[in-house]
Amino acid sequence: MKDTVVIIPVYNEEDSIGLVLDNIPLERIIKVIVVNNASTDSTVEKSKREFTEVVDQLQRGYGSACLKGIESCHKYNPKYVAFLDGDFSDSPTELNQLLSEIDKGFDLVIGSRVRGNNEPGALLPQAVFGNWLATRMMKYMLGGFEFTDLGPFRIIRYQSLLDIKMEDQDFGWTVEMQGKALVQKLKCSEIPVSYKKRIGVSKITGTLKGTILAGQKIIFTILKIWKNKFSQSF
Ligand SMILES: Nc1nc2c(ncn2[C@@H]2O[C@H](COP(=O)(O)OP(=O)(O)OP(=O)(O)O)[C@@H](O)[C@H]2O)c(=O)[nH]1
Ligand SMILES: [Mg+2]
């Protein structure tokens, strides 16, 4: 039964997107939406398959690309929406594990790289520290389910995705979804997923600028969600 749409944001991933698409198990997949984020290489050509829809998002930013993907979801009216990176650092075949977990009645399932098998050097120390800090902050400030990672590889119930009204345009996307899920008491879970070194040059985690900008945005996003939760409770 095809009930899931996959969203893959891509910015210049011509060397990896083909591998990602070739390894997605398609049994339950209605469509794979590849969101081209103003790529300047042959990513778009390499994204064309009979099971993909390639859409453009000219506004740069990981979150902007994901928001565009959600917009393109409506016509497929999926039960679930999965997110996957386009640099082949996630293992698309593990989508089946995410599906079997969410089928147990959860609203959001995160693929935890921290609990999974990682290729040495794939999950950089700054990412390990950043994820540890962010998940600790969420635990103590928002309560509820205890996440161990802000991994990009995840699946969420489509209705829950609409209910949490995602808005972040760049690095705050993953933590915004998890933080709002905790505040709205969605049923959350996590499974271990493997993580490999990305194909191609690192754009974020492997760069000092990317790490600092992402780190700032993640902490700022948690504080914003906490403040809103707080102000709602009075
Ligand atoms: N960096 C970046 N990635 C984007 C953007 N839009 C879409 N993406 C895609 O978002 C996914 C995650 O970005 P990555 O660059 O892999 O981010 P990361 O995994 O934190 O860090 P690296 O893999 O080390 O670069 C990839 O598929 C990118 O191609 C954008 O504006 N900037
Ligand atoms: Mg990556």
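The values are calculated or read from the model by the stated rules, or taken from the named source; none is laboratory data. Remember, predicted model here, so these are calculated numbers, not experimental data. Glycine also receives a Cβ, built like all others from the backbone with ideal geometry; neighbour counts cover every protein chain displayed. The protein model used for the area step is the full one, side chains on, heavy atoms only, and it has no ligands, DNA or RNA in it. Shrake-Rupley method; radii C 1.70, N 1.55, O 1.52, S 1.80 Å.
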| Residues whose placed amide H lies under 5 Å from that of Ser112, excluding near-sequence neighbours | Ile191, Val193
| query | In whole percent, how big is the carbon plus sulfur part of the accessible area of region 1-149, probe 1.4 Å, protein atoms only? | reply | 54 percent
| task | Can you spot the aspartates and glutamates whose alpha carbon is less than 19 Å from Lys229's alpha carbon? Ignore those fewer than 8 places along the same chain. | result | Glu146, Asp163, Glu167, Asp168, Glu176
| said: Quick query: amide H of Asn12 versus all other amide H atoms, modeled in the peptide plane; which residues come in under 5 Å with a sequence gap of 5 or more or a different chain? | reply: Asn37, Ser39, Thr40, Asp41
| said: Please compute the modelled spin-label separation between Lys227 and Arg60, points set 7 Å along Cα→Cβ, answer in nm with one decimal. | reply: 2.7 nm
| field | Residues of region 108-170: accessible area per residue with a 1.4 Å probe, Å² | value | 44 Å²
| query | From the cross-link list Lys139/Lys185; Lys2/Lys104; Lys104/Lys139, which pairs have alpha carbons spaced over 19 Å apart? | reply | Lys104/Lys139
| Under a 1.4 Å probe, what is the accessible area of region 1-79 per residue, stated in Å²? | 45 Å²
| field | Cα point-scatterer Debye curve for the chain, base-10 log of I(q)/I(0) at q = 0.12, 0.13, 0.17, 0.18 Å⁻¹ | value | -0.61, -0.72, -1.33, -1.52
| Translational diffusion coefficient (Stokes-Einstein; Kirkwood radius from C-alpha pairs) of region 143-229 at 4 °C, 1.567 mPa s, in µm²/s | 91 µm²/s
| query | Peptides 36-45, 103-112: what's the order by average Cβ count within 10 Å, highest mean first? | reply | 103-112, 36-45
| field | Unit charges on C-beta of K, R, D, E only; dipole of the chain, Debye | value | 800 debye
| query | Considering the dipole of the chain built from charges on the beta carbon (Lys and Arg +1, Asp and Glu -1) around the Cα centre, which of Val54, Pro152, Leu182 is farthest to its positive end? | reply | Leu182
| field | Sequence-distant residues sharing a close amide H with Ile204 (under 5 Å, placed H) | value | none
